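Remarks on the structure that follows.
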Amino acid sequence: MTYAIEAEGLTKRFGDTQALAGIDLAAREGSILGVLGPNGAGKTTAVRILATLLRADAGSARVAGFDVASQPEQVRQQIGLTGQFASVDEDLTGVQNLTMIGRLLDLTRREARQRADELLAWFDLTEAAGRIAKTYSGGMRRRLDLAASLVGRPAIVFLDEPTTGLDPAKREAMWGVVRNLVADGSTVLLTTQYLEEADALADEITVIDRGSVIAHDTPLGLKRKIGGQRLTVRPAEPERLDDVRSVLSTLSDKPVETSGRDELSVAVTDDTALAAAVSRLHTAGITVTELSLHLPSLDEVFFTITGRPVASTDETTDEEDAA
């Protein structure tokens, strides 16, 4: 098996903060590796080391077959990077930003403009191509920033929380772009705080918490590990919670849990549980104000793996600030 990204034992400390405590990462060529974790987990530090922007205190990493510490220039020729915050020049237009990057990558003026036009069309920015970037919305800047990282047609793309601040429609559009990158032959390392996003895109998921890898699996394997989907019911009459509990207990061999005020939930194994719940609640004469089937949240992932919700993390300095 050929890996586009391989890291072993990466360690990094900023003062008293242990950003990475010896993590391993591996992404197969032509795949998407999702790196999942809360703020301060170490995701951005790992990306910066792999992109040659930071040096690890210990451990080793190879990207596209090149050592990130001893062959940084070769690594940079193979990668594209989109950080958490847009890094385009706000005083240039969209097309000027992309053309400038193309020229810096030794494209001819004509080639740089052609590539800029291609990417602007791909990211639905053609109509805004002549506008100064500072007039773009946050979502438009995010798309322009990602377009900028793709000017050189990189073999490996690092996307550090690329959908932060995007509305649901724009997030879906960004997911389409990521899938297209892989279809075109690129390898993608995607960091995210959202299990839904990792599940929608990643071939494999590595979960990081407090600088350490706490789980690695396929999306399906990870979901099985943390209980699969959850069926949630909130009855219109709170006094009927016990009746709802009885109904849910017939749908799963997992314990029925109180998941919110006047709300119960249970882990289920497949989508048929929703239809069964509707039928059995109706038969029992129970009306509901909420009935949903959803993937586990990041809190549920962390609670299952670590015994605590993600909100209880005591990291107060994230790696962006520490760096």
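The values are calculated or read from the model by the stated rules, or taken from the named source; none is laboratory data. What you see is a predicted model, and the numbers here were worked out from it, not measured in a lab. Cβ placement follows ideal geometry from the backbone for every residue including glycine, while neighbour counts extend to all protein chains displayed. Side chains included, ligands, DNA and RNA excluded: accessible areas come from the protein's heavy atoms. Shrake-Rupley method; radii C 1.70, N 1.55, O 1.52, S 1.80 Å.
Against the condition in a strand (DSSP E or B), of a type outside the set (Asp, Glu) and in contact (Cβ under 8 Å) with a residue 24 or more places away in the chain, how does residue 231 come out, does it pass?
yes
What are the residues in the stretch 247-269 that are open to solvent by 50 Å² or more (accessible area, probe 1.4 Å) and without any contact (Cβ under 8 Å) to a residue 12 or more places away in the chain, if any?
Those that are open to solvent by 50 Å² or more (accessible area, probe 1.4 Å) and without any contact (Cβ under 8 Å) to a residue 12 or more places away in the chain: 253, 255, 257, 258, 261.
Here is a check on your reading of the model: is residue 38 in contact (Cβ under 8 Å) with a residue 24 or more places away in the chain and either hydroxyl-bearing (Ser, Thr, Tyr) or touching a Phe, Trp or Tyr at 6+ places or on another chain (Cβ under 9 Å) (or both)? Can you show your working first?
Details: in contact (Cβ under 8 Å) with a residue 24 or more places away in the chain: yes; either hydroxyl-bearing (Ser, Thr, Tyr) or touching a Phe, Trp or Tyr at 6+ places or on another chain (Cβ under 9 Å) (or both): yes.
Here the answer is yes, as residue 38 does meet what is asked.
Considering each of 233, 207, 244 in turn, give the residue that is modelled with pLDDT under 95 and buried (at least 21 other Cβ atoms within 10 Å of the Cβ).
Of the residues listed, the single one that is modelled with pLDDT under 95 and buried (at least 21 other Cβ atoms within 10 Å of the Cβ) is 207.
Of the conditions (1) open to solvent by less than 50 Å² (accessible area, probe 1.4 Å); (2) assigned to a strand (DSSP E or B); (3) not basic (Lys, Arg), residue 216 satisfies every one except a single condition; which number is it?
Residue 216 satisfies all of (1) open to solvent by less than 50 Å² (accessible area, probe 1.4 Å); (2) assigned to a strand (DSSP E or B); (3) not basic (Lys, Arg) except (1).
Might you check whether a residue that is over 15 Å from residue 139 (Cα atoms), among the acidic types (Asp, Glu), touching a residue at least 40 places away in the same chain (Cβ under 8 Å) and buried (at least 17 other Cβ atoms within 10 Å of the Cβ) occurs anywhere in the stretch 188-199?
Yes - at least one qualifying residue is present in the stretch 188-199.
I'd like to verify a number: residues in the stretch 92-138 that are acidic (Asp, Glu) and either at pLDDT 95 or above or part of a helix (DSSP H, G or I) (or both), how many?
4
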